[in-house]
Amino acid sequence: MSKSRWEEIMAVAARLFREKGYRATTMDDIAAELNVTKPALYYYIDNKHDLLYAICESAVEKLMEGAKKIMREPGAVEEKLRRLLRWHVSMFSAHRDVIAVYLAEEGELPPEKRFFIRRMSREYESYYRELLEQGIREGRFREVEVPMAVRAISGMCNWLSVWYRPDGKYSVDEIAEIFFDLFMRGCARGD
């Protein structure tokens, strides 16, 4: 299978899953959008769950790719946190359908695949934990409940899948900067 054909199948499926919902989207819908027969679609994919899994895996891999790069780069903890937040928020512009489907529909995966995706998600969140813990150790941040703070960051960023519009009032960079400012004010030392 050519990479471009597979990417086209995933892009169409992700858009349809985001627009109609995973359960309401049929393989017939996907085949029709691709202008292929349903049997031709099954040449590339065994079933709809496998397609959903591929989309979810792609979303987490994209998030991880940027996060790993940011964590390897030099810089103060605040700057790395700013870059990680910006990366997270930018995914909603660059890969809107894939990220939205991952966040809304991963619960539809079979248990073993859902477990794997959630494990990858926790690994991604570990980068936020690492930065927060480092900032606390270095005295740059006040003592905070790190797991709760990471949930707050994830919640701010992931909720974009519901309300973000590329043609909206704020750019991705402006949203990331607002989130960073809010978060840093919450972690700032009082002295």
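Among residues of region 38-59 being touching a Phe, Trp or Tyr at 6+ places or on another chain (Cβ under 8 Å) and buried (at least 21 other Cβ atoms within 10 Å of the Cβ), the one that is nearest to Met184 (Cα to Cα) is Ala59.
Given the options Ala13, Ala59, name the one that is part of a helix (DSSP H, G or I) and at pLDDT 95 or above. Reasoning before the result, please.
On the way: Ala59 fails: at pLDDT 95 or above.
Just a single option satisfies the conditions, and that option is Ala13.
Looking at region 57-67, is at least one residue of a type in the set (Gly, Ala, Ser) and closer than 30 Å to Ala31 by Cβ? Quick ask: steps written out before the conclusion?
Looking only at region 57-67, we keep the residues that are of a type in the set (Gly, Ala, Ser), and these are 58-59, 66-67.
Subsequent filtering for residues that are closer than 30 Å to Ala31 by Cβ retains 58-59.
So far as region 57-67 goes, yes, one or more of its residues are of a type in the set (Gly, Ala, Ser) and closer than 30 Å to Ala31 by Cβ.
For region 134-191, the set of residues classified as more than 20 Å from the chain's Cα centre (by Cα) and of a type in the set (Lys, Arg) consists of Arg137, Arg140, Arg142, Lys169, Arg185, Arg189, listed by residue number. Among the residues of region 156-189, those identified as in contact (Cβ under 8 Å) with a residue 24 or more places away in the chain and among the aromatic types (Phe, Trp, Tyr) are Tyr164, Phe179, Phe180, Phe183.
Do we have Leu41 as assigned to a helix (DSSP H, G or I) and over 30 Å from Asp173 (Cα atoms) here?
Working: assigned to a helix (DSSP H, G or I): yes; over 30 Å from Asp173 (Cα atoms): yes.
Here the answer is yes, as Leu41 does meet what is asked.
Restricting Ile175, Ile136, Ile117, Ile153 to those that are of a type in the set (Val, Ile, Thr) and either surrounded by fewer than 17 Cβ atoms within 10 Å (Cβ to Cβ) or closer than 18 Å to Ile55 by Cα (or both) reduces the list to Ile117.
Taking the options Leu182, Leu109, Leu131, name whichever one is farther than 26 Å from Ala11 by Cβ and surrounded by 18 or more Cβ atoms within 10 Å (Cβ to Cβ). So the residue among Leu182, Leu109, Leu131 that is farther than 26 Å from Ala11 by Cβ and surrounded by 18 or more Cβ atoms within 10 Å (Cβ to Cβ) is Leu131.
The values are calculated or read from the model by the stated rules, or taken from the named source; none is laboratory data. All figures in this text were calculated on a predicted structure; none of them were measured in a lab. Virtual Cβ from ideal backbone geometry, glycine too; neighbours counted across all protein chains shown.
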